[in-house]
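Below is one structure, written out as structure tokens; comments come after it.
The values are calculated or read from the model by the stated rules, or taken from the named source; none is laboratory data. Please read these numbers as outputs of a predicted model, since none were measured by experiment. Neighbour counts run over all protein chains shown; Cβ positions are idealised from the backbone, glycine included. Please note that ligands, DNA and RNA were not included when accessible areas were found on the heavy atoms of the full protein model with its side chains. Shrake-Rupley method; radii C 1.70, N 1.55, O 1.52, S 1.80 Å.
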Amino acid sequence: MRKEKYQLDFILLNIGYAEHHADWNWKNINSPFTRIHVVKKGTAWLKRDGNKYQLKEGHLYLTPSYTPHSYECGDEFCLYYIHIYETLEKKSSVFDQLNFPIEIEGDSLLLDLIERLYAINPGRELSFYDPDAYDNSTELIKNIAMQGHTPLALELESHGIIQQLISRFFAFATQKMPNVDERMARVLEYIHSNIHTPIGIDQLAEMSFLTKDHFIRLFKKQLNCTPGKYINQKKIEKAQLMMLLQNYSVQELAFQLGFENVSYFNRLFKKLTGENPTNYRKRLEM
């Protein structure tokens, strides 16, 4: 792995300790931030990617942003939860580039670091455990703002601890697209950096020094989807994040992301998220 490709920049949103008694049962969660769960006691289950994983004592679990998942708990279950937000600007997410393990085994150092992170970030607990109560624009902006008021020394220490936690998962990460050659890697970086503009397939083919048909075939072979589908998915993910952080109208949102046709943007948003942008925004504002 080239080190310069994976510069990580995460903001701490929430950290807390929770004790549940068969009440950690939430479905269809899909958030713009990453979760780390640290199991202290008991057993629960995580459902994602069509699989069901048993959460075990002394282990850490990573759920990247925009990963649909659900929880099940039928008895006592105690855990630390950590929510972190990846600041991207115009770079690609590390979760677009690498497959991270869902589970790693903890040790005394990790547990001490998590307890320290909790101790130096008071007031970051969730008021309610139902994701619908905190997975919205008001809570996200409030939590990002809290980070801006944290003393610099504690902010630096928190950042260092988060880096160490992620590094443990990073140690077992694999390339998400190991067969992507240099031409496709350059195209992907361009897409991620210019997601707010119209991106033409002809333009990407020319950048790759390939004919359009050859480019589409090669892209599909290496990434298992067409370039158009990939671009649309990344644009809609960006739209979801923009809705959380700023009060754009649907028309402004479409134009900000390079869509000339608002109706097409509406149809695409609903196709990829299951609801239209207006309803999605209303749910965020609840």
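Over the stretch 204-276, all Cα pairs binned in 5 Å intervals from 0 give whole-percent P(r) values of 3, 15, 23, 20, 13, 14, 9, 3, 0, listed from short to long. Computed with a 1.4 Å probe on the full set of protein chains, the accessible area for residue 230 sits at about 30 Å².
When each of the peptides 267-276, 235-244 is scored by how many other beta carbons lie within 10 Å of its residues on average, the order from highest to lowest is 235-244, 267-276.
All C-alpha to C-alpha distances of the stretch 154-217, sorted into 5 Å bins beginning at zero, yield P(r) values of 4, 14, 16, 15, 12, 11, 10, 9, 6, 2, 0 percent in whole numbers. Over the chain, Cα pairs under 8 Å with separation of 6+ residues give a relative contact order of 18 percent. For the chain, the spread of Cα positions along the three principal axes, ordered from largest to smallest, is 57, 41, 40 Å. Taken over the stretch 10-175, the convex hull of the Cα atoms encloses 114 Å³ per residue.
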